[in-house]
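The values are calculated or read from the model by the stated rules, or taken from the named source; none is laboratory data. Just so we're clear, the structure is a prediction, and the values are computed from it rather than from any experiment. Neighbour counts are summed over all protein chains in view; Cβ atoms, including those assigned to glycine, are modelled from backbone coordinates with ideal geometry.
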Number of protein chains: 2
Amino acid sequence: MLYLVGLGLADETDITVRGLEVVKKAERVYLEAYTSILLVEKEKLEAFYGRPVIVADRELVETGSDDILAEADKVDVAFLVVGDPFGATTHTDLVLRARELGIESKVIPNASIMSGIGCTGLQLYNFGQTVSMVFFTETWKPSSYYDRVKENAGLGLHTLVLLDIKVKEQSLENMARGRLIYEPPRFMTVAQCASQMLETEEERQEEVWTADSLAVGAARVGAPDQKLVAGTLKELAEVDMGRPLHSLVLLGKRAHDLEKDYIKQFAVDQATFDAAWQKGGYGTM
Amino acid sequence: MLYLVGLGLADETDITVRGLEVVKKAERVYLEAYTSILLVEKEKLEAFYGRPVIVADRELVETGSDDILAEADKVDVAFLVVGDPFGATTHTDLVLRARELGIESKVIPNASIMSGIGCTGLQLYNFGQTVSMVFFTETWKPSSYYDRVKENAGLGLHTLVLLDIKVKEQSLENMARGRLIYEPPRFMTVAQCASQMLETEEERQEEVWTADSLAVGAARVGAPDQKLVAGTLKELAEVDMGRPLHSLVLLGKRAHDLEKDYIKQFAVDQATFDAAWQKGGYGTM
């Protein structure tokens, strides 16, 4: 049996009791470690599970899935995924491959950022489609996400923006020389995301948002040191929210008063928040 | 401290390790039992936690929140919520009330149906806003949900439809006579939801969907007997998916081939599925 086990959002204790039972009994335990990360080291997980954990990078999952699935028709294999196994990144390809090989699979759900973002007090009913923000480079600043946010904004809906992470990245030089030397992992911050959004708006000029649009930054959702900040994009572009992982929500105009009361609690500045709410016409759709 | 603890979707073992630690230590433990239910009895939860559990109905949460919060500035109170505390139903009002009373609160996230629905293989990125479906009566068939689905469908997005539950409901006669006698709980099935959708379409006639539109029914997401069925609304209106809880996803036209491959695995009928996919123009947006 292949078990896809959600680990939740923060540390080793966010696994469910059911999930932990599976991990403790599995013959092999893999940890998917390229689309998201837990806030703890692999060694801490191993100590908690009492089991060795094999880190599965993108290459292993995408081209070596048959190694992961080896003998899973006879023994139990646990494939651990930060958040929920079918959350932001789905692992349907692994399940489909298992099925081709005649291997059954079961999913142990857990919190995902896609629902955990409800901790902002913004109602999940009021969210449109989720988008991703990649690290811009000098020459590559994709703005396809802008079109998706525009669709949401047109309906007055909030947009969850998931922020890029780069794990096991090679520099161009090392890649060209075939050297398997990796850069340190990088995680996009709320401030970087807000800045890039302002950059895209400047380029596209369709006023899907402005520097005074309201947004909520969320850091380490579900962890004891979770941090939430509400403010204008201009304010959030300056905010320091500490260690990863970060996410951002662009507020929709259909936002209502209970949502306002909740997020105002953690506004960068209550006066600019109120002014931006008024000026932006929030709560009027 | 007020802890809002997510219980996940299926049974007592879906609580997280962190959540279980909180429950075992809390002075009082409440279970929110009117917006969703676990698939196990209260007694089983109490045995698992080793603690008595106070069932909190709508009345207690909405008008008796100060009882729940009594002395929570000195002792730990755990408020258990099926799914995630800020999932489909948010409990921001309780947190705001706690704050007014100078009581800190912490949230322990868990799987919510809003992300758990990813088990269908449909990508959460491709979902628009979530809607709710209430039980229609002879004289009350609200169709405001239709407008929301129309907005999603216009963008080619999937819509998650959450299905009504009725707990501690009084008959009109008992209510009129002031008798506190409650009807047995009722849970909407996928078949009822599909039928009601066809009824609304017949009334509204805007072709947001037809009897041949594709949808996915999901029952007991995250439980060992989880069941998924894909088919046309006409087919789903006849399907028996067993015990609660059920949800439904109306497929958006932006659906892509990997999603198709995944849901086709559990199609009611693979031939009608393929025909409906073709005829409906799925995958072309």
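Does B:Tyr49 meet the test of being aromatic (Phe, Trp, Tyr) and either within 30 Å of A:Leu4 (Cβ to Cβ) or in the same structural domain as B:Tyr30 (by the TED database) (or both)?
Spelling it out, B:Tyr49 is indeed aromatic (Phe, Trp, Tyr) and either within 30 Å of A:Leu4 (Cβ to Cβ) or in the same structural domain as B:Tyr30 (by the TED database) (or both).
Could you please find all residues in region B:1-31 being at the interface with chain A (Cβ under 7 Å from one of its Cβ atoms) and either part of a loop (DSSP other than H, G, I, E, B) or of a type in the set (Lys, Arg) (or both)?
B:Leu9, B:Ile15, B:Arg18
Whether any residue in region B:56-68 is more than 13 Å from chain A (Cβ to nearest Cβ), farther than 15 Å from B:Asp93 by Cβ and part of a loop (DSSP other than H, G, I, E, B) is what I want to check.
yes
Those residues that are touching a Pro at 6+ places or on another chain (Cβ under 8 Å) and either more than 11 Å from chain B (Cβ to nearest Cβ) or not in a loop (DSSP other than H, G, I, E, B) (or both), I need them from region A:69-85; list them, please.
Of everything in region A:69-85, just one residue is touching a Pro at 6+ places or on another chain (Cβ under 8 Å) and either more than 11 Å from chain B (Cβ to nearest Cβ) or not in a loop (DSSP other than H, G, I, E, B) (or both), namely A:Phe79.
If I go through region B:124-158 residue by residue, how many of them are at the interface with chain A (Cβ under 8 Å from one of its Cβ atoms), within 17 Å of B:Leu248 (Cβ to Cβ) and assigned to a loop (DSSP other than H, G, I, E, B)?
Within region B:124-158, residues that are at the interface with chain A (Cβ under 8 Å from one of its Cβ atoms), within 17 Å of B:Leu248 (Cβ to Cβ) and assigned to a loop (DSSP other than H, G, I, E, B) number 4.
Condition check: in the same structural domain as B:Thr120 (by the TED database) and over 22 Å from B:Thr272 (Cα atoms). Does B:Lys166 satisfy that?
In short, yes.
Quick check on region B:154-174: of everything there that is surrounded by fewer than 17 Cβ atoms within 10 Å (Cβ to Cβ) and at pLDDT below 85, which residue is farthest from the chain's Cα centre (by Cα)?
B:Leu172
Could you list, in sequence order, all residues of region A:32-51 that are assigned to a helix (DSSP H, G or I) and aliphatic (A, V, I, L, M)?
Those that are assigned to a helix (DSSP H, G or I) and aliphatic (A, V, I, L, M): A:Leu45, A:Ala47.
With B:Asp212, B:Asp269, B:Asp261, B:Asp240 as the choices, which residue is away from chain A (no Cβ under 14 Å), surrounded by fewer than 21 Cβ atoms within 10 Å (Cβ to Cβ) and in contact with a Leu (Cβ under 8 Å, 6 or more places away or on another chain)?
None of the others qualify; the one that does is B:Asp212.
I'd like to check something: does region A:130-143 contain any residue that is surrounded by 15 or more Cβ atoms within 10 Å (Cβ to Cβ) and without any contact (Cβ under 8 Å) to a residue 24 or more places away in the chain?
Looking for residues that are surrounded by 15 or more Cβ atoms within 10 Å (Cβ to Cβ) and without any contact (Cβ under 8 Å) to a residue 24 or more places away in the chain, one finds none in region A:130-143, hence no.
May I ask you to list the residues in region A:21-47 that are out of contact with any Phe, Trp or Tyr (no Cβ under 7 Å at 6 or more places or on another chain), more than 25 Å from A:Met114 (Cβ to Cβ) and not charged (D, E, K, R)?
A:Ala47
Check whether at least one residue in region A:161-174 is within 14 Å of chain B (Cβ to nearest Cβ) and within 26 Å of A:Gln265 (Cα to Cα), and report yes or no.
Checked region A:161-174: at least one residue is within 14 Å of chain B (Cβ to nearest Cβ) and within 26 Å of A:Gln265 (Cα to Cα).
Results for (1) among the acidic types (Asp, Glu); (2) under 18 Å from the mean Cα position of the chain (by Cα); (3) not assigned by the TED database to the domain that holds A:Ser36, shown as yes or no for each residue.
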residue	(1), (2), (3)
A:Phe86	no, yes, no
A:Arg97	no, no, no
A:Glu104	yes, no, no
A:Gly118	no, yes, yes
A:Tyr145	no, yes, yes
A:Val149	no, yes, yes
A:Asn152	no, no, yes
A:Arg177	no, no, yes
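In region A:99-118, what residues are crowded, with 24+ Cβ neighbours inside 10 Å, assigned to a helix (DSSP H, G or I) and of a type outside the set (Ser, Thr, Tyr)?
Of everything in region A:99-118, those that are crowded, with 24+ Cβ neighbours inside 10 Å, assigned to a helix (DSSP H, G or I) and of a type outside the set (Ser, Thr, Tyr) turn out to be A:Ile113, A:Met114, A:Gly116, A:Ile117, A:Gly118.
If only one of A:Arg220, A:Arg254 is on the phi > 0 side of the Ramachandran plot and touching a Gly at 6+ places or on another chain (Cβ under 9 Å), which one is it?
A:Arg220
Please work out which residue is nearest to A:Pro224 (Cα to Cα), limiting yourself to region B:6-17 and to residues that are touching a strand residue (DSSP E or B) at 6+ places or on another chain (Cβ under 9 Å) and either surrounded by fewer than 24 Cβ atoms within 10 Å (Cβ to Cβ) or not assigned by the TED database to the domain that holds B:Gly87 (or both).
B:Val17
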